[in-house]
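Okay, structure first, notes after.
The values are calculated or read from the model by the stated rules, or taken from the named source; none is laboratory data. Predicted, not measured: the structure shown is a model, and the values here were computed from it. Note that each Cβ is placed from the backbone with ideal geometry, even for glycine, and that neighbours are counted across all protein chains shown.
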Amino acid sequence: MTFTPTDLFRLVLAGCALLSSAMPLFAEKSPAYLEENARVMRLLWDELQAAYPAVIDPQGGYHQDLDEAWQVLPSDQRSLVNQARHVWTTAEVALRCPELHDTYLDYAQHGIAFLRDTMWDAEQGGFYWGVDRTETGWAPENPEDKHVYGMFFAVYACAHAYRAGAGPEALELAERGRDWIERHAHDAELGGYFGSLNRAGQPVTQAVPYLSRGRDQIGTPLGAKSMNTTLHALEAYTELLQAEDRPDKLVEARVRELVALLLGPIYAEPGTQHLFLTRAWEPIKGEHSFGHDVEAGFLLLEAAEVLGDEALIAEVRQRLRAFVEVTLEHGYDHQRGGVHETGTHDLEHIADARKSWWPQAEVLNGLLMMHELSDDWDDRARYWATFGQLLDFVATYSVDEAHGGWWNTVDPAGNPVGPRQKTHAWKATYHTVRALFNCAERLQRLAGVPEDEIELCPPRR
């Protein structure tokens, strides 16, 4: 008799369930789940232990540029996105691992002080997009250069740090950022947020000397709106809802507004997103980003769950499934493993076949979510098999076995290309750490580990 992978998967789970009728379906700590958990935990902590405290700058904030061996490179620049992402990661470790709570909370508070004292515009409010080191200290790279994408990351990070125990000053900074964004960047007429702003908070819709190519700091056509900013606004405000003792009604309303935009005009059938749209939310024809699609499914589901809206949760689960299915059909390398960067507007071709670090992490998380959520045996087996193949690809090609951490980008065959730095203005540890913590927690839960026994601290060797 010949068994298909689905048949074998059913037999394993049925056998586990029969061992004890009192146990959950995935009982008896299924060896496959625990084996994959061990791999995920190794990847997670190899990166964390390489990055921290290596990135900590005793003079303030985090070193932005580290080489492949995690050695600090000469650099006088700090980007808001990089600094905020390190705050978020260190706060996440403090929340997830009680043994290291105090150490990583100190790392997070170190970064919050830099955001507050150096990256916040004390005169006109809002966070600067970047700062430079000068002979007399830090100064804005360009005082006129602000973007709400970076500000939302600062709000996200500070709210998360508050939840980890950073104290009221962290929440106060998150709320100060929110208030500035709401005063200046929210489009009261058409919804969503303007992206690029000048120092005073006025939207930049036409070319200026520092944005002379018609696109803003994150590549959005000037005057347009972006999926990316909308997505990370949702991420930040969902976190803020969880951090505040009395959730702000305005923030809750904004979360619902952002969800509606992501499920409405930004969404593109059969399961992808428009990267750019006009101010009135008309799509601008362009490529699709597979990593962003699956990440959107995760963040939408998180928002729906925080809102406690069961109908929305059911709707978002279907969208998550659509995002994952389209990514597997059009953006995944089934021969070698790995997620490609972008597809053409019609999804007929791969636009950029490279495999950057962060889509691999986001799709690992999405595949395992769908494996747990799906009620179709064939789909569960397929998601599980693809999760294993993608994890193989990551462990073999995306991760630097010699020094820990993930390569920025590999080519379709898995060879590192482009910058070999482990951190830079756009690359910190946020995507990978979040995805791997989520995967480890989910794998242990699937294996039948009780919630109060799930272990996310470094494996003892």
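Numerical summary
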{"quantity": "Those residues of region 398-407 which are surrounded by 22 or more Cβ atoms within 10 Å (Cβ to Cβ) and either farther than 17 Å from Met41 by Cβ or not hydrophobic (A, V, I, L, M, F, W, C) (or both), in sequence order", "calculated": "Ser398, Gly405, Trp407"}
{"quantity": "Sole residue being closer than 24 Å to Ala395 by Cβ, among the aliphatic types (A, V, I, L, M) and not in a helix (DSSP H, G or I), chosen from Ala54, Ala50", "calculated": "Ala54"}
{"quantity": "Tally of residues being acidic (Asp, Glu) and under 29 Å from His292 (Cβ atoms) across region 420-461", "calculated": "1"}
{"quantity": "Whichever residue in region 383-419 is in a helix (DSSP H, G or I) and not hydrophobic (A, V, I, L, M, F, W, C) and, among such residues, is farthest from Lys355 (Cα to Cα)", "calculated": "Tyr383"}
{"quantity": "Checking Pro247 against (1) at pLDDT 95 or above; (2) farther than 22 Å from His147 by Cα; (3) not hydrophobic (A, V, I, L, M, F, W, C), the condition it does not meet", "calculated": "(1)"}
{"quantity": "Residue ID - surrounded by the fewest Cβ atoms within 10 Å (Cβ to Cβ), chosen from residues in region 329-379 that are among the hydroxyl-bearing types (Ser, Thr, Tyr) and part of a loop (DSSP other than H, G, I, E, B)", "calculated": "Thr344"}
{"quantity": "Test result for Arg279, modelled with pLDDT of 95 or more, surrounded by 15 or more Cβ atoms within 10 Å (Cβ to Cβ) and in a loop (DSSP other than H, G, I, E, B)", "calculated": "yes"}
{"quantity": "Qualifying residue in region 414-432 (condition: among the charged types (D, E, K, R) and crowded, with 16+ Cβ neighbours inside 10 Å)", "calculated": "yes"}
